[in-house]
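J.: Pasting in a structure now, in structure tokens, and then I'll have a few things to ask.
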């Protein structure tokens, strides 16, 4: 029987690790929305105040208590509704199951009703809140080695909840500030002293959580053999979840060969920064490891297990987390990291459609941002700052010139297109890259690409053999243009005659031609371009835009009401909430006046059956965010396919983003005389199909945006939206 | 006459064509009527016939006006206004070469005007009709003066003598052309009403040539001229958005 189980386990692991079958779908929230989502923030805040008022001992200062609950309730709700949280999905279910094991072994923990949400973040982190919620990041889950390590982390966070650490930390910080403030206005050195004092308090809490957390952990049946490595995982958390030497051939598709000198001879040594405990809210990891080892000494681990739920389940969650991490790198525009993540998936789980998709999209994105000189809009650190094997990717991406990278991305994605499902979205990426070649490198046909490298080589030999003419000598001695090394021109040798390839290329060149025409129309280096731009701006000022749109999907309208001192404004949480509701009403009435059909997807007013709506909001928000990074060029976001599905479902290709920020000074006299900017209104429209965007309103103004101004502005926005050209 | 027709036609066409463009107004309301009450501060300068007068002073004149406003572009609107001012003014005895005492006149101004305004874009990004605005206006003012009593020595000329004196001084009228720069702030209340505060700075130009040998008429003309020159006017207005 035991043997049979082992075989079954082996088969199931093989199945999980079988990369060829790995077609990873995005993890989405499932089932009904938890109560944490559907209860309004204000209600939660009042409840927290009522509950806490029974326990007056903790609060010397009523205002501090109010401030804490107000800030924490709204911050947590914002996080929950941001789309960065997962619930009822396989990962969350598994993590909650592990937590239940700990809670069942320590029944006193049940009183706080703890629950875990998975945070869609690349950071390696976990934290607990006063509401009994633990957040654990995808980044951390992708690095953990077994279930016991996960249990230890959850035990640690459960102590923070059980001991009300957040609240105590806040009160202590307020006490420190208050005691220093009594001595007068704080100067820099006093602020430093205050921070050190707060950090010390926070470190003490962490040590307490380590200590008591281990007690909770030891009450379970989890083995403690691997848990000491948790601190090593944290120490090296800035590195990817594995260190495998990067092979450039993973990027080389069709006939492309990246020159060897694009790889570093040796990658930078892994050398984590020295821990400065004084400046940190957490104790030094070495100290924590020592404490843990000390406690574990002499303990017997018989009958203890690394996995209580199951190893297969853990591996499945680990795989899903790693795949989600790769997606998150694409979403956060950490494109070099995404390429390395795709490479790791390929190496660990085998070549798969998913790993190819990640690399293909990352190459496309990097090429687009490089071609448009907007690399500062994506995460693009110097390769010199990167440690470990992933440094090679950063180096290659740095070395690849615009044309080389674009052609590399085309070759990679064309291979995907042929190998995988002949997906139209992939096709559109390729033609978009060809358009970039036209726009930025003036390549307007495939004639500049060589069919067979040997032909060119032989012709070069022939030139050497025969007597050279003056022209031959000049041509031969002419230095090669640095920007256009020839190697990439052989990339398409094997597909140059394919009709599909030629068709896609021609589509791209046509698109490039069209875009070039538009670019030239407003080319400010020519008199005509400047004149056209002037006329266009004048027309905009006078008449506005005429977009002729009849239906639009509004994603998460946002109103941020800031208050207090202009130089240091603080968010008015309750006010923002109220004004956001007013904003929605104004949007609806303005749309009505122009007969524009709108659908507002708002994460702040969800019912329990609105999980699908929340998923749509997450995808749309991420899509809009990457579109905004792309500023003024056409860009297919990594989740293009998903956004197109959403747009079809809501029956409109147009998405609208509305952001209003308004600062209102508390002091009425200062309000009258302050000349600093006070409000911002940002209304933009995105065409999902074409990628075109139009910023109807992007005004930074001095007027306080009361409802009258807001109505006027939004009425105008919808007027421009609906007006036919 | 042809020129005036051409002028009116041009204005009409400009406004109509602009209205065909994008002119949102406030929630689609482009036409509003506003009633304004204001205080006009006239700079009362010595006249040409009395350059020795050093008693320059400011004259406070209550003003009432009604305007009809039409938002014809996103940030522009035009206003036609009609208004009335009534106040009294004292003519110094220095004018009275016949040795007569100073006179007090009741002066009334009736004016019509047309103004062109633009809401601020740079600092206060606002769309007409709300927000800060600035503009200019042309005014045509008919000003009339009636002497009402002696300003000094009330006990010297009473009863019959005063009546006789008033008979001699007839109502005098003059026409002025005014040009004013205007700035202000307007907001909307309850999506229906407008509230406006404005400041005008203007100048009246005399369009009449008078040549009267009757000294009493000449005095009145002189007084009207003196009262219609530079002015500063504060207004508070309340209106309604009609359509």
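All of the numbers you see were taken from the coordinates with simple rules; none came from a lab. In this text the structure is predicted, and so the values were computed from the model without any measurement. When we count neighbours, we look across all protein chains shown, and the Cβ atoms used for this are built from the backbone with ideal geometry, even at glycine.
J.: What list do you get for A:644, A:514 if you sort them by fewest beta carbons within 10 Å?
T.: Values: A:644 17, A:514 12.
So the ranking, lowest neighbour count to highest, is A:514, A:644.
J.: Another question about this same structure. So how far, in whole Å, is the C-alpha centre of segment A:605-626 from the one of segment A:228-242?
T.: 32 Å
J.: Also, I was wondering about something else. Give the dimensionless ratio obtained when the Cα radius of gyration of segment A:487-565 is divided by 2.2 N^0.38 Å.
T.: Here the Cα radius of gyration is 1.90 times the empirical estimate.
J.: Can you give the mean number of other chain Cβ atoms that lie within 10 Å of the Cβ atoms in peptide A:700-712? Display every interim value, and only then the final one.
T.: On the way: counts 1, 8, 6, 9, 1, 1, 2, 2, 11, 8, 0, 5, 13.
Taking the mean over all residues of the peptide, I get 5.
J.: I would also like to ask the following. For the peptides A:284-295, B:191-202, what is the packing order when you average, over each peptide's residues, the other Cβ atoms within 10 Å and list the highest mean first? Working shown, then result.
T.: Details: A:284-295: 15.3, B:191-202: 17.3.
Peptide ranking by packing, descending: B:191-202, A:284-295.
J.: Between residue A:261 and residue A:445, take the C-beta separation as r, use R0 = 41 Å, and let me know the FRET efficiency to the nearest 0.05. List each step's numbers first, then the result.
T.: Details: r = 30 Å, r/R0 = 0.73.
The calculated FRET efficiency here is 0.85.
J.: Compare the peptides A:549-559, A:688-698 by average per-residue count of other Cβ atoms within 10 angstrom and give them in order, highest first. Walk me through the numbers on the way to the answer.
T.: Numbers: A:549-559: 20.6, A:688-698: 16.3.
Per-residue Cβ counts within 10 Å, averaged per peptide and sorted highest first, yield A:549-559, A:688-698.
J.: Mind checking A:386-398 for the average number of partner chain beta-carbons within 10 Å of each residue's beta-carbon? Walk me through the numbers on the way to the answer.
T.: Numbers: counts 0, 0, 0, 0, 0, 0, 0, 0, 0, 0, 0, 0, 0.
For this peptide, the per-residue mean of nearby foreign Cβ atoms is 0.
J.: Another question about this same structure. Evaluate peptide A:716-723: per residue, the Cβ atoms of other protein chains within 10 Å of its Cβ; return the mean as an integer. Spell out each step's value before the answer.
T.: Numbers: counts 6, 1, 1, 7, 3, 0, 0, 3.
Partner Cβ neighbours, averaged per residue: 3.
J.: Tell me, rounded to the nearest percent, the portion of alpha carbon pairs in segment A:239-330 spaced more than 23 Å apart.
T.: Details: 2671 of 4186 pairs.
Across segment A:239-330, Cα pairs with separations above 23 Å total 64 percent.
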